[in-house]
Every structure is written in C-alpha cells, then in structure tokens.
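Report on one structure; see the data block that follows.
The values are calculated or read from the model by the stated rules, or taken from the named source; none is laboratory data. Please read these numbers as outputs of a predicted model, since none were measured by experiment. Neighbour counts run over all protein chains shown; Cβ positions are idealised from the backbone, glycine included. Remember, those area values only see protein heavy atoms, side chains included, never the ligands or the DNA or RNA. Shrake-Rupley method; radii C 1.70, N 1.55, O 1.52, S 1.80 Å.
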Amino acid sequence: LVSLWGYSGQASPPLFGDFEAQRHWMEITWNLPIGDWYRQTPENDLQYWGLDYPPLTAYVSWACGWLCGALEPASVALGPSSRGYETATHKALMRFTVL
C-alpha cells in the first residue's frame, strides 16, 4: 500500500528528495568511472546528492542502475536535465529494487 502514495520531495526542486538521491546515485555509478564516484568533477556535482555511502552500497546502486538503464535508459542519463526525473515506470522500477 505504501507504494501507492508519493514520497518526500516529490516534484520539489531543487533537490527533489530521497527518491531523487537514490536515482542520481544510480546514474553516477552507471555513467562515471569508479574513481569519479566520490570526487567533484564536471559530471559529478557533489553538492547535488553526492554519493556518500560506502563502496559496497555504491555497487548496489550500480546494479540497480544497470536494471533501470536496460528498461528505461532516460532514468540514468547523467546530466542536469535528468534532475528530478520522475515517471510512473521509473517509480515502479525503483520500488521493485527494494523487494
């Protein structure tokens, strides 16, 4: 039942809440070399939900990013235009990853 409702930060720029943090960590780990996951780079703005979990958790984000990238590539397309990416399909994919 919980999955039928919204989530913290839904459609609330500039950071969009915890859902966006998890989605953004997937796009970071999916698109950037491992050495850039925790470093400030032109592609990785640490002020915008910088990856702050240990590496094992980052690999889980990478695996979930692989799944989401295969099913909905736009959900892990790294860049400023992806911030706040929210679709019903991606919300279902994200919720499926916790099962």
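Within segment 28-47, the set of residues being under 14 Å from the mean Cα position of the chain (by Cα) and aromatic (Phe, Trp, Tyr) comprises Trp30, Trp37. Do you know which of the residues in segment 50-82 that are of a type in the set (Gly, Ala, Ser) and open to solvent by less than 30 Å² (accessible area, probe 1.4 Å) is nearest to Pro14 (Cα to Cα)? Here the residue is Ser82. Residues in segment 23-80 that are among the hydroxyl-bearing types (Ser, Thr, Tyr) and in contact with a helix residue (DSSP H, G or I) (Cβ under 6 Å, 6 or more places away or on another chain): Thr29, Ser61, Ser75. Close Cβ contacts (under 6 Å, 6 or more residues apart or on different chains) running from residues in segment 83-99 that are open to solvent by 50 Å² or more (accessible area, probe 1.4 Å) to residues that are not in a helix (DSSP H, G or I) comprise Thr89/Glu72.
Condition test on Ile28, is it modelled with pLDDT of 95 or more, surrounded by fewer than 12 Cβ atoms within 10 Å (Cβ to Cβ) and either under 18 Å from Arg83 (Cβ atoms) or of a type in the set (A, V, I, L, M, F, W, C) (or both)? Considered against the rule, which asks whether it is modelled with pLDDT of 95 or more, surrounded by fewer than 12 Cβ atoms within 10 Å (Cβ to Cβ) and either under 18 Å from Arg83 (Cβ atoms) or of a type in the set (A, V, I, L, M, F, W, C) (or both), Ile28 comes out as no.
Per the listing Thr41, Thr29, the residue uniquely out of contact with any Ser or Thr (no Cβ under 8 Å at 6 or more places or on another chain) and of a type outside the set (A, V, I, L, M, F, W, C) is Thr41.
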